[in-house]
1. Taking a ≥ b ≥ c as the square roots of the eigenvalues of the Cα gyration tensor of the range A:129-172, is the shape rounded (a/c under 1.5), prolate (a/b larger than b/c) or oblate?
2. Size of the dipole of the protein assembly as shown about the Cα centre, Lys and Arg at +1 and Asp and Glu at -1 on the beta carbon, nothing else charged, in debye to 20?
3. How far, in nm, would the chain grow between B:Phe140 and B:Leu125 when pulled straight, counting 0.36 nm per residue and subtracting the alpha carbon separation?
4. Which order, highest average first, do A:219-226, B:221-228 follow once you tally other Cβ atoms within 10 Å for each residue and take the mean per peptide?
5. If packing is taken as the average number of other Cβ atoms within 10 Å across a peptide's residues, how do B:128-135, B:142-149, A:25-32 rank, most packed first?
6. Using the Cα centre of the range A:4-232 as the reference point, and only Cβ charges (+1 on K/R, -1 on D/E), how large is the resulting charge dipole? Debye, rounded to the nearest 20.
7. From the residues B:Leu160, B:Thr267, B:Thr229, which one has its Cα farthest along the dipole of chain B in the positive direction, the dipole being from +1 and -1 charges on Cβ of Lys/Arg and Asp/Glu about the Cα centre?
8. Rounded to the nearest 500, what is the 222 nm mean residue ellipticity of the protein assembly as shown from helices alone, with -39500 (n - 2.57) per DSSP H run of 4+ residues and division by all residues?
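The numbers here are math on the coordinates, done by the rules we state, and not lab data. Remember, predicted model here, so these are calculated numbers, not experimental data. Here Cβ is always computed from backbone atoms with ideal geometry, including for glycine, and neighbour counts include all displayed protein chains.
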Amino acid sequence: MASVTLKNVSKSFGAYDVIRSIDLEIEDGEFMVFVGPSGCGKSTLLRVIAGLVPVSEGDVFIGGEQVTEVPASKRGLAFVFQSYALYPHMNVSRNISFALETARLGRDEIRRRVTKVAEMLKISHLLDRRPRQLSGGQRQRVAIGRALVGEPEVFLFDEPLSNLDADLRMEMRFEIAKLHADVKTTMIYVTHDQTEAMTLADRIVILNQGRIEQVGRPRELYDRPANRFVAGFLGSPRMNFAPLDRAASSGSVLRGVGGFCHSAELAGADAPVEIGLRPEALKLVSAETKGAIRGTFERMEDLGYEYVCYVRLSETLVWTVRSTGSPLAFAEGEVVGLSWQPVSLYLFGDDGRRIDHGGALHLALGASL
Amino acid sequence: MAITTTAPAKRYSNSTYRTIRRVRTFGLYVSVTAVLVYMLFPYYWAIVSSTKSGQALYQFSLLPSLDFGNYWQLFHNPVFMGALVNSGLVAFASTMISLVIGILAAYALGRLQFSPGRIILIAVLMISIFPQVVVLSGMFEVIGWLRLYNRPSALIVSYLILTLPFTTWILTSFIRDLPTELEEAALIDGCSRLRVLTHVLLPLMGPAIASTGLLSFILAWNEFLFALTFILTDENRTVPVAIGLLTGSSRYEYPFGQIMAASVTVTLPLLVLVLIFQRKIVAGLTSGAVKG
Ligand SMILES: Nc1ncnc2c1ncn2[C@@H]1O[C@H](COP(=O)(O)OP(=O)(O)OP(=O)(O)O)[C@@H](O)[C@H]1O
Ligand SMILES: [Mg+2]
């Protein structure tokens, strides 16, 4: 087991900067998840830690030791690839034991370890098969087994579940969580699935264009996102945003689309330019409700366990509302109101940073309607 | 908004299409047969001629006369049998050497990122553009410096110039197509570069190795110009030259039957090799061995 530390790590392919001076501390035994949009450099960062990609700048420490120049084969890590990367010409048993053979372990020791890992992952009956004779889920287990058998200091996963169908993904997610609880090894897990991120992680790193947007516990990122990007990235359906009308706002009164009008005492912060509200924070009410903003009811989706409604606030702006309550009796095209608790309103400044209003936000009386 | 309907294209009756399909199938078989006959006739002619001797050779007949005297004479000709052994050794050795060098080069060029790689690859291709005659005299000098003149090893060395370029090219593109992640997985598993090559990549390159190996073996087995130039004495000759220099019982007799018998004999090992490896190549390509 070991901690992983990145100091000022950058990586460029030619003139193209993929990772831009990242500093990160991953603690011993922690389950750290990297999320971010496609192409933001998650895999590259993971490969940098693994030693498969040399850094352009900066240092990598594993267990407190400088390993920046240590080749991948000597770092004592395990890597689970998205495509599993099982050796097609070896059976499952040899796939798992190959690293041990390479390390010249004794035959009995190898057999003992392979048996143990196979039992743990319930693949004992597959040991003689070739990878191409396995299903996706089974391949995934073998890939994890191959990682597990070397008793590595750190596990690295690169989107290990993205090739599986939804059911299997849930099952494997559960198993990976269990695995971490069992072995308590440091794990670094790349995904673009936010459910995986939220459910598995001790802490999440949100990456965007090679930079860290925010690091923190899942709940923390969800409730107190540092900026607009993080707020919009976590949550499904994603957060609703709307720009504030700057010309109409004056002093502490903020005005915006759909008759939005709040007054806020924001101590010394920059003027907010955008508001954000999560779909589940919104409530559909009648258009006359005081303090509600108004829009046109467009469409409702009944998912069985919840309803997702779409309300058009302006030409270009459609907000989603999520509720678990009973069916809402609005007709398509009807003007409806949306209301919320003041604490659930997010304000964002010019630079995208979230502005803390501490719930000190009030309806500007008489202004709304 | 007017909905425009296009009139259905003119079509024939069902039985017309059936007739068309039958005519096409028939035409296909006829043309395949024609191509096969055209390609195989010279070989058949060689086989037929090899079983004739004396005057029979000069009478046109498509049927073999089943007289194996030519083969009998051939197998008792020490020069020819020696040449057969020489050819086998030379072709085998040059194939092996070019495979080993080719695989190592292909791994370096196909995977390891180093900038002169592209230039080297292009240079390798350029080498194979020149006709053999162009390199002949230069090669002659080299063989002289290496003191290999009139030795079979001269041929092994000089054949590399023919076989290495395409071996390297084919293997390089094959290695490039193998998923990088396999190799990365092996590196993570603690393998050195060489072990990655021998334990992970090589087993997957079977089809490519079989086909390039086969091609370079055939090339070396049939090569004539270098073999004629660099070898002086009969006991070191390879088969293609030995056939060219076969002599009859008298100065004035051209041993046509024997030459044909020799040609047929020489093709047999190649045929066997092709049959063995062709199955391997096909099996490797269809088993999805590469996809993980
Ligand atoms: N070997 C390479 N050479 C050049 N560019 C590369 C290389 N590897 C990655 N990149 C570029 O770096 C960027 C980040 O790639 P990376 O694979 O890390 O993205 P990712 O966050 O894992 O995306 P995804 O979610 O799609 O897997 C991409 O724009 C990619 O084109
Ligand atoms: Mg990726």
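1. Values: a/c = 2.53, a/b = 1.29, b/c = 1.97.
In terms of gyration-tensor shape, oblate.
2. Working: 62 positive and 57 negative charges, 459 e Å.
The calculation lands at about 2200 debye.
3. 3.2 nm
4. Highest-to-lowest ranking by the protection proxy: B:221-228, A:219-226.
5. A:25-32, B:142-149, B:128-135
6. 740 debye
7. B:Thr267
8. After summing the helix terms and dividing by residue count, I get -14000 deg cm²/dmol.
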